[in-house]
Ligand SMILES: Cc1ncc(COP(=O)(O)O)c(C=O)c1O
């Protein structure tokens with residue numbers, strides 16, 4: 001591997017999601033692994049894309065984002081979340097939430113800056129932090145919140161890291177959903193002015209039970225935390241089109257400035273057709289109705305899948321999802337044949353053994369959760385199942401698990 005940089009050496013294999021999707025295709029499995037909707041995106045998105053493709057000038061546009069999209073996003077988030085966004089300073093658009101997160105890490109981290117990530121966390125964060133010279137520090141939280149993907153960036157000048165007093169961290173981040181918990185976080189952060197918080201709100205619009213889409217509290221909507229935070233969102237998730245590749249960061253002016261600089265020397269700007277089409281979709285859905293029906297659909301699918309898993313012949317423990325795309329189950333009660341613990345001559349953790357057991361003996365793909373933990377053992381009894389799938393797909397998976 002003499003031509004590959006050292007920092008890429010751990011990442012040369014295809015990502016877990018791609019590997020499991022490949023296996024699903026090869027073996028004719030029902031794919032509840034990768035989190036992409038397998039139903040058509042809304043017609044208004046297709047129409048916006050085709051009309052914009054015919055009329056939009058296909059030239060470079062502004063690095064921060066196409067002016068039409070910045071305006072529509074500001075107006076959308078004002079209506080849905082009550083945010084007042086200065087479009088010159090407080091928002092940047094990039095190629096999906098992933099690229100937004102990449103600009104974030106590139107834009108703010110100095111060598112050896114430490115980034116606290118609450119586990120379980122999206123396994124994208126670690127490489128993005130490390131590629132930007134930062135240090136990933138995973139801190140486990142209770143599995144009760146497996147749906148939450150809050151991430152906190154802890155950053156000190158000169159790369160110095162100061163451990164906070166344990167007591168202060170007793171705040172239950174698993175419940176960072178009530179205003180009072182945000183108030184407590186604001187109180188703590190007042191003592192540590194160099195800490196900034198990043199909330200990955202890719203699933204912000206898919207909230208169940210009594211939580212309305214976009215109404216769930218966030219740092220960005222908190223009067224004291226707004227100034228020290230950045231919130232990341234994904235138009236691809238909002239419009240059930242993960243290939244749209246449009247994502248937003250809204251937040252502190254300095255953070256956004258760093259991100260724009262990172263983007264300038266990376267993709268420079270995002271393709272204008274997807275941006276202006278997204279702008280039209282945001283205008284069209286600003287009354288929120290589309291998101292209420294989307295969340296109802298996901299709630300229905302989540303309930304159906306969860307019921308199927310509970311009634312299956314496998315003895316799962318489970319959490320009732322409160323939003324997002326996934327049901328997470330605990331597999332500690334399930335016997336897994338020994339042969340699945342060795343994959344390609346390598347011993348694997350229980351969750352991976354279980355995922356291969358599911359593929360080979362049940363024809364259903366799920367995703368192992370140990371990669372979402374710093375300490376892989378913590379997650380080795382957890383697997384996740386995507387419910388952002390059609391009724392037929394979920395029914396077929398349930399049938400196979402009976
Ligand atoms: C928590 C989280 N953040 C960010 C992303 C990336 O979103 P996008 O598809 O907009 O890049 C994903 C995608 O799965 C995600 O699950």
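Please treat every number below as a calculation from the coordinates, not as lab data. Just so it is clear, the model here is predicted, and its values are computed rather than measured. Positions of Cβ are generated from backbone atoms using ideal geometry, with glycine treated the same way; all protein chains shown enter the neighbour counts.
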Within a 10 angstrom radius of the beta carbon, how do 139, 91 rank from fewest other beta carbons to most?
139, 91
Cα Rg over Rh - segment 1-149, Kirkwood:
1.01
Highest mean packing first, using Cβ neighbours within 10 angstrom, the peptides 222-233, 261-272 sort as 222-233, 261-272
Share of antiparallel DSSP beta bridges in the chain, in percent to the nearest 5?
70 percent
Where the eigenvalues come from the Cα gyration tensor of the chain, what are the semi-axes √(5λ) of the equivalent ellipsoid, largest first, in whole Å?
32, 26, 22
Please compute P(r) over all alpha-carbon pairs of segment 72-113, binned at 10 Å starting from zero, and give each bin as a whole-number percent.
25, 40, 29, 7
Provide Rg and Dmax in Å for segment 86-133, with only Cα atoms included in the calculation.
11.8, 34
Order of 7, 245, 384 from fewest to most other C-beta atoms within 10 Å?
7, 245, 384
Kirkwood Rh in Å, taken over all unlike Cα pairs in segment 1-78
17.4 Å
